[in-house]
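Below: one structure, written as structure tokens.
We did not get these values from a lab; they are worked out from the coordinates using the rules stated. On a predicted model such as this, the values are computed, not experimentally measured, just so you know. Here Cβ is always computed from backbone atoms with ideal geometry, including for glycine, and neighbour counts include all displayed protein chains.
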Amino acid sequence: MRADGDQIVADYLSRLRDAASVLPADRGNELIEEITAHIAEARAEGPTAIGDASAVRNILERLGDPADIVRTAAEPPFGAFSAGPPASGFPESRHPESRMPESGYPGVGRAGGGHAESGYAGTGPLAWPNEPGGGRAGALEITAVIFLLIGGVVIPFVGWVVGVILLWYSPRWRRSEKLLGTLVWPGGLLAPVLLMLGAGVATVIPSSGTSCSGGYTETGMTSTGRHFLRHVAGSCSTTGGGLPTWLAISLTMILLIAAIAGPIFTAIRLLRRAGSAPAEPAADPAALLPV
Amino acid sequence: MWRMIAGDAGNLVGQIRRGVLPYCVLAMVGEKERYGFELVHALGSIDGMVTGEGTIYPLLARLRRQGLMETTWRESATGPPRRYYRLAPAGREALAEFTGSWQRLRDSVDDLLASSGEDPF
């Protein structure tokens, strides 16, 4: 049954996640993403028994123990691949990984024999790796998310449309994620900005219009008889539209929070999927810089 | 001094395999670009080449970080986007160098092994 297979995969990925916690966050996330994709591909490729528990076990057995996979990711590279790229021409500050030792992550055994001296010096200086779709979101993906979020505020509507075009142009997202990015929320943060402006206007106008805090407001500015009567009755809790003030404010607040949280949640999700955002964005602001 | 002990050959083969595996990966993306699953599956099908398919992914990441392979993301009709790997100029250089060394070493060892019965010294 498919459910059994799903459960086995979930257990395996959970063990991998635990083991990968010793790796730097971006490498760990990348590894988990690759292995998850591998399992999905292998299951899709399999015979009719796609979700069959034994077929899934076979796939996972071939992949190997999560601890072994993580150890390979953490241990020093072997032989000629042990040395990092030559230092010449490498902009160290732009590449946090290059400052990171290849080995010695806490809790991971070193299986042995890399020799740091035998490197690639013999092959001449390597060009800075051109890596459009590397471990983190590329410039295209980050630009797309920025335009989706605030493009519509800076250049009303047009900026957001640019974001949508970039979103659909990038190969880095699934169709469903592109739909999410387009539909939540159209205009990005333009909606809450307008809402806030609108709410500001709405609170100014009624307060001047219903200045009738007393019981008799013969001088009330309301035009219709209905309003006039209410004012005479001394109820100041009514606004022009007939909604109680507290309800109008609550609705506006809820709408405002949703309109702010929606685009931001979507943006974070898109950046995560593009392989960029670390688990705690504040910890490594450099990770959000375009590579 | 280094002493040979029985059973050491198996360990040695493991180390040789570990050493040549990165070059095998480079060779596989030399002609056409391939995506991760495709590469891993192909390597996993070669008898004795890898012990766990999952361990190839960290190797791919390392070759990418070292600038020996370049990658491009492409959408897939069926699932999540796939990362395609191809040989970078530096990788091509490294592979060419290894190919020459490997062939010389292989020929020398073959010759020695073949002649070892005839002329002990």
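Under 5 Å between amide hydrogens, built in the peptide plane, is the criterion, and for B:Y35 it picks out B:Y85 among residues at least 5 positions away or on other chains. With each label modelled as a point 7 angstrom along the Cα→C-beta vector, the B:A27-A:D18 pair spans 3.9 nm.
Stretching B:D47 away from B:R106 to a fully extended chain increases their span by 19.3 nm, per 0.36 nm per residue minus the current alpha-carbon distance. Using Cβ point charges alone (K and R +1, D and E -1), the dipole size of the stretch A:1-70 about the Cα centre works out to roughly 100 debye. Rounded to the nearest whole angstrom, the semi-axes of the ellipsoid equivalent to chain B, taken from the Cα gyration tensor as √(5λ), stand at 34, 17, 12, largest first. Relative to the dominant Cα principal axis of chain B, helix B:56-65 is inclined by about 80°. One quarter of the convex hull surface built on the alpha carbon atoms of the stretch A:2-74 amounts to 4.3 nm², the projected area averaged over directions. A crude spin-label estimate for the pair B:R92 and A:I155, with each label 7 Å from Cα along the Cβ direction, gives 3.8 nm. Label sites at B:N11 and B:E75, each approximated as a point 7 angstrom past Cα along Cα to Cβ, lie 5.3 nm apart.
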